[in-house]
1. Under a crude label model (7 Å from the Cα following the beta-carbon direction), how far is B:I318 from A:K732 in nanometres?
2. Nearest 10 degrees is fine. How inclined is helix B:166-178 to the longest principal axis of chain B, computing both from alpha carbons?
3. Among the DSSP beta bridges whose two residues both lie in the protein assembly as shown, what percent are antiparallel, rounded to the nearest 5?
4. For the range A:279-289, in order, what is each residue's ³J(HN,Hα) by Karplus, 6.51 cos²θ - 1.76 cosθ + 1.60 with θ = phi - 60°, in whole Hz (x at glycine and Pro)?
5. Given springs between every Cα pair under 10 Å in a Gaussian network model of chain B, which of B:P62, B:P271, B:P253 has the largest fluctuation?
6. Compute the acute angle (0 to 90°) between the alpha-carbon long axis of helix A:49-60 and the principal axis of greatest extent of the alpha-carbon atoms of chain A; round to the nearest 10°.
7. Once you have a ≥ b ≥ c as the square roots of the Cα gyration tensor eigenvalues for the range A:272-404, tell me rounded if a/c is under 1.5, and otherwise prolate or oblate according to whether a/b is larger than b/c.
8. Which order results if A:D199, A:D160, A:D277 are arranged by neighbouring Cβ count within 10 Å, fewest first?
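What follows draws every value from the coordinates through simple rules; no lab data is involved. Quick caveat: nothing in here was measured; it's all calculated off a predicted structure. Every residue, glycine as well, gets a Cβ built from its backbone with ideal geometry; the counts of neighbours run over all protein chains shown.
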Amino acid sequence: MGNDQSAKTAGRQPLPQMFGLLSGNEMAALAAKHINFHIMGYYPITPSTEVAENLDEMKAFGEHDIRMIPGDGEHGAAGICYGATLGGGRVFNATSANGFLFSLEQYPVQSGTRFPMLLNLVTRAVSGPLDIKGDHSDLYMALNTGWIILLARSPQAVYDMNIMAVKIGESKDVRLPVIVAYDGFFTSHQKRRVSFFTDKQFVQEFIGKYEPPYTALDPEHPITFGPYMNDPDLINNKKQLSLAMDAAYARLPEVFSQYASISGREYHLLETYRMEDAEYALFILNSSYDTAKDAVDDLRKQGKKVGIVSPGVIRPFPYREVASTFRHVKGLCVADRADSYGANGGNMTLEIKAALKDDPDNRTRVISRIYGLGGKEFFIEDAVKLLEEAIAAGDGKQVKLFEYHGINPGTPGYGMKTAISPVGRTDVTGQVSAQVDQQTGRVTDVKGVNAQLLSMVPKRVVPGHGACPGCGIFSNLNIFFKGIEGDVVVLFHTGCGEVVTSGYPYSSHRITYIHNLFQNGAPTLSGLVEMMEEKIKRGELPQDKRITFVMVSGDGGMDIGMGPAIGTALKGHRLILLEYDNEGYMNTGDQLSFSTPLGHDTSTSHAGPYQKGKRTHHKDTAQIMAACHVPYVATVAESNYSDMIKKARKAQEYSREGFVYIKALSLCPLSWRSEEQIGERIIATAVDSCFFPLYEVDHGKTKITYDPELKGKKVPVIEWLKLMGKTKHLTKPENKDIVEAFQKEVDRRWLRIKAMHESPYL
Amino acid sequence: MAAAKQLLPTKNKSGFYEIRMESIGGLGANLAGKILAEAGVLGMGLNGVNFASYGSEKKGTPVKSFVRFSEPDFEIRSNSPVEEPHILVIFHEKMITTHVLTQGVGKDGIVIVNTSRTPDQMRDALRLYAGTVICVDAIRIAVEEKVKLNTTLLGTIAKASGFVDKDALKSAIAETFKKKYPQIIDANIRAFERGYSEFTGKTFAPDGRYEYVPFSRSVPDLGYENAPIGGVILNPGNSVQKDLSASRTGHIPLFIKDKCTSCGECEITCPDYCFVWESGVDKHGRPKRILLGIDYQFCKGCMKCVEICKFDALKKDIEASFDVGAITVKHREFALK
């Protein structure tokens, strides 16, 4: 790090700063540390997750005081943030794409009741099909939420905009929440040379003290927050919000200018490049702006009078600056990184056209191009092409008013190599048989579990999937499916299992497979089950049609999806929910889930001098599901594969009656930081330590199916913790109390299961 | 600014000196890119940017890490991947059989490969048009120093570049590890020093032996005119076309048939479904299954099967000692239609 000599002064000498090489997400976290928010409510979602991860790591090393609270989903995270803002402090969040949409209903609540906070929206394509890369389809959903929206086109701008956002949003005549939006991966993950203040005190002085007009933490002055407000009142509340946006429009240039005087970096409502005499222009958001500058330089060399414009803010929309900037421009191409399907232009196109229409003298010809969806790269040549189209439009040539740029029709005549034959119904019948008591309907025994002979069961998931070496998901799926007979339809919610088996245009699924989003797997599959049953009832499917429906959950899906899963269980939908519990959100890079055990080190529960890993005990999902009084609940482990296969077969029988929940403890060598080779032993030790007891709850009756005490194999939990990197710190003497607390909780739960095993009533 | 001393020995037409690292997730290319960029920007005063190929990269899958340097006051605008690198670094030799890595490497290019082979052998293996090939046995050095191989390769990069300051890089390495892993700094510095000196290099002129391979941006065969509506995949199980053998990092599970009892536990534990069986009958005429071997196309080398085998019929061995193609038993169950 060195002093930033290049910072340009604007009026007075900027305050001392230093250099770093940091990404947008790191800069958002650094700004948050300097602002020292009271609360961060968050939920991990790519590509925004690193913001919380970085802050959590700083917290473990005592670098800030922000209280970090993981939500049970983005909707919950937004609720945490809202509640925290009611307390009159500074609040922070970061999200992306479907996380933003999942919490969408909360944003108008935040703005309509006028509580400022800061949300970093790390822009990413909204799912359907799922795409984790950057575009602006989430950002455009934010346009009508009543939040101020600042855009940050570089890691430097992320830091600067975050600081300015606090000051703008908290201004007395504004009082609105603020989004700072920056491009997923392009800005969030690229490390660039940046400058930041050497002392967080400079930031504190710039933003000043937050003085909320009222708080919910002042019982001496009771206040009703969020009344029931119908007509004729709501419209007036919204007029107030509209006036606040006007106030923000007036306030923004002031704050930009004040910030320039302390930082040496000046931002504008519209950034322009070579627009002074430009006759043709490109309007484009965020990271693409810098790339397009090179295209402008190239075309200028050819004598073309071109320029580019990129907004620093889109709510309030800088319509006056738009009108004046484009007044003399003949041809304008507005490039939108998201479509407003059916509107004949992306949202920016529509808003610019509207702004220009208010200027009676304007003659600019505006064309709309949709580009870069789903993270498709934007090269200089792309910008050249878009500018050339602006030139053609401005010169009165015939060009399409609206089109997608950078699309590919596909190779004519290309036939995708069909793959392997599907799994026939009879291919997997008769290997493992269940004996059912005809009177009670209960499964009394399962026969035919023989590892050698079961090698003939065709794989429903096939090789070629891209999981990490030693991944537990695929051992579990293979073992579990050996116990399932006949036709199966699977649904995977978002997670590692989904991502590594369905990367377009390849599928590792040999049976019908469905994906839906992280929180919504169980309801989705229940809808399909009900459709089958209704079609059978109407005679649209044969009466003997039998499909076993298996929802595969994991990577913490039973946090965000717990409510919907419980609802599905309580309604008795006939399906199996199989959870591979790898104790974290592994697909987004190992953040804590509620089933992460006490003291375990994850990327949002770092172990360090000031924080010792996760603060709470692991969630007991099997008992939660058992409390729904469904026909069958069981825990399984790959180390006890015969037990798993038997339970799978039972699960299948009982899924004809109602909802079944199965939980497997599932290896994640990458995030557990464990040796791949000893994976099976790690699971076996977790089972033998009674951290993960193997049992079933068959119509309310608990039965331990493997008792390490009876086998003389019970070991203390430390024997399990020793085998993994994520718990290495727990083997040190100074963390003995954490291990003791963990052991105590494991023992308590084990004794409880034993008591349930022994009693017919528990 | 024109008078300012130029810190970079050469630049492309956009004003950059560019490095592309080709690796397998888990080998530390991402971190190497970060350390290199920090050395350049924070240690040497260059402007620079570092990023990696994005996506759901898992351990064992191909990844790229990019570093782009410019003179100190030059504005870096591009955020697109490095297509024509001055230095190409190949972290895992095995990748060259499954991927064309040398795209965009010109006659002035430098290719650094983690290999025990010679530059002449590597040039042929890479089918390299021209340029300098530098071979460093980084995996051996890393194993000996008990570190990841990225710091060894950083040493070689520093030397090969001719401009990256050695001390700046060593400081960047120390800075990277000091917070969480201070105990491994010394070993990494030793590995760095060895990478800096223990290599062999040779420059090849464009002698016509191999064609120049320009960078090509891949265009998928499926597009808006021929892709099934709604993004569905109509080809069940077509991932069997993928070759995952580059996920292994030097070892294979070796099947010793004489010792095998066909108990089936390897098949139970294997996450990548590599074990190939056939049906038969036992001496009583009852159905029996016989394990034939391993389909190495899918084996990622986790060695869970080696651990679980009670009969020593599977053993961890050095991949380079075998002709893996010859000992592979192909899955017939997954034959393409």
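1. Modelled inter-label distance: 3.8 nm.
2. Relative to chain B, helix B:166-178 is tipped by roughly 50 degrees.
3. 45 percent
4. Here the 3J(HN,Hα) series is 9, 9, 8, 10, 10, 8, 9, 6, 4, 5, 4 Hz.
5. In the Gaussian network model the winner is B:P271.
6. Once rounded, one gets 80 degrees.
7. Working: a/c = 1.28, a/b = 1.04, b/c = 1.23.
It is rounded, given that a/c, with a ≥ b ≥ c, falls under 1.5.
8. Values: A:D199 13, A:D160 26, A:D277 8.
With the fewest neighbours first, A:D199, A:D160, A:D277 line up as A:D277, A:D199, A:D160.
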